[in-house]
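These notes concern the structure reproduced below.
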Amino acid sequence: MKNIYSNIYSFNKKVLKKTIKSLNRGNLVGLPTETVYGLAGNAYSKKAVKGIYKLKRRPKKNPLIVHYYDIAQASKDVILNKNFFKLHKKFCPGPITFVLKKTKSSKIVSSATSNLNTVAIRFPNHKIIKTILKLLDFPLAMPSANLSSKLSPVNAVDVFENFKKNLKIIIDGGQSKIGIESTVVDLTKKLKILRPGIIDSEEIKKVLKVNLSKKGSKIKSPGMLKKHYSPGIPIILGRKPKNSSHAYIVFGKKFKNIYNYFNLSKKADLKEAASNLYKTMRRIKKKGFKKIFVAKIPNFGPGVAINDRLTRASR
Ligand code: AMP
Ligand code: MG
């Protein structure tokens, strides 16, 4: 039988070479990171960036996150500041993205940042992507490897289901450990969290010893789109299911093991719940449930990020 997943590769020297060659040519590859899987292309290449928007069907006004191996690489493209260095020291490489001003000499193609004079940068923490970034002489523009507004992928097969054979290389790096997208923090003027994530506002405040602005940002970005992270069936928050064709996402030990109940974390661990969120929504959809109801999930720490994704998915 023909292997339908023939574009999914395990990581080895030969595949690494093939991947680098492909990226050097301005082609796209699906890569694992610790947050979710990404659709990667050369951030300095018009062809690659155009390809990302096209394949994802992503609105042009939604800027991409640019990924670097280290600070030396990043300093060519963005103006680093004190708050950046503090947060970088504490959390990087890791699930946090910084919005910073672009340098005049930056080679990032302007469509990658939706023509803004700012860039969102991240230093991902996954062995495979670190190996690749270290070998390239350009950073990777890399949004999540899903169709715009749909659920982000957390393993190689999820990526395949989005793009099938339109993506020539998908590297299998196992299940994404964190399972939701990075925290995005604006460091350009008033400090502000643009998208909540596993690293929460309390942790950021502690490092910077400042308050975070609550004012709305004018910058349009995908994490801020109203409808996002959708599994493709209706989601109803804070209510119980009415019948057995409805799934119930729950959290904590008070819920029984019933066939249509899906517990994000029996031990009520919000980090574990976040890592199970997209996986669980996909499972429910595949099992043929018609709607998803969701029990109340505590709104602190990683719970803020979980509720953010659920609220957007329910719109
Ligand atoms: P995604 O790549 O789909 O995981 O989402 C990209 C995220 O990066 C969005 O939620 C935005 O908040 C953020 N972003 C990217 N570039 C910028 C930028 N120049 N200014 C503000 N936010 C940005
Ligand atoms: Mg995304």
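Exactly one residue out of Ala313, Ala273, Ala268 is farther than 21 Å from His228 by Cβ and among the hydrophobic types (A, V, I, L, M, F, W, C), and it is Ala268. Applying the criterion of being small (Gly, Ala, Ser) and touching a Phe, Trp or Tyr at 6+ places or on another chain (Cβ under 7 Å) to the residues of the stretch 257-305, the residue that is nearest to Val159 (Cα to Cα) is Ala273. Checked against the criterion of being at pLDDT below 95 and open to solvent by 20 Å² or more (accessible area, probe 1.4 Å), the stretch 178-189 has at least one qualifying residue.
Residues that are near ligand 1 (Cβ under 10 Å from one of its atoms) and at pLDDT 95 or above do not occur anywhere in the stretch 80-91. In the stretch 282-315, the residue that is nearest to the chain's Cα centre (by Cα) out of those that are outside any loop (DSSP other than H, G, I, E, B) and surrounded by fewer than 18 Cβ atoms within 10 Å (Cβ to Cβ) is Thr311. Taken over the stretch 130-154, the criterion of being within 16 Å of ligand 2 (Cβ to nearest atom) and not hydroxyl-bearing (Ser, Thr, Tyr) is satisfied by Leu140, Ala141, Met142, Pro143, Ala145, Asn146, Leu147, Lys150, Leu151, Pro153, Val154. When Gly26 is tested against (1) away from ligand 1 (no atom under 16 Å from the Cβ); (2) surrounded by fewer than 20 Cβ atoms within 10 Å (Cβ to Cβ); (3) at negative phi, just one condition goes unmet, and that condition is (3). Taking the stretch 97-115 as the search range and keeping residues that are more than 16 Å from ligand 2 (Cβ to nearest atom) and aliphatic (A, V, I, L, M), which one is farthest from Leu87 (Cα to Cα)? Checked the stretch 97-115; the qualifying residue farthest from Leu87 (Cα to Cα) is Val109. Residues in the stretch 58-113 that are under 16 Å from Ala48 (Cβ atoms), surrounded by fewer than 18 Cβ atoms within 10 Å (Cβ to Cβ) and polar (S, T, N, Q): Ser110, Ser111.
If the condition is being open to solvent by 100 Å² or more (accessible area, probe 1.4 Å) and without any contact (Cβ under 8 Å) to a residue 12 or more places away in the chain, then the stretch 243-258 contributes Lys254, Lys256, Asn257. Residues in the stretch 50-103 that are within 25 Å of Asp200 (Cα to Cα), part of a helix (DSSP H, G or I) and of a type in the set (Val, Ile, Thr): Ile71 only.
Within the stretch 118-152, the set of residues being open to solvent by 20 Å² or more (accessible area, probe 1.4 Å), more than 22 Å from Arg58 (Cβ to Cβ), touching a residue at least 40 places away in the same chain (Cβ under 8 Å) and part of a loop (DSSP other than H, G, I, E, B) comprises Asn125, His126.
The values are calculated or read from the model by the stated rules, or taken from the named source; none is laboratory data. Please read these numbers as outputs of a predicted model, since none were measured by experiment. A quick note on method: Cβ atoms are made from the backbone with ideal geometry, for glycine too, and the neighbour counts reach across all protein chains shown. Ligands, DNA and RNA are excluded from the accessible area calculation, which covers all protein heavy atoms including side chains. Shrake-Rupley method; radii C 1.70, N 1.55, O 1.52, S 1.80 Å.
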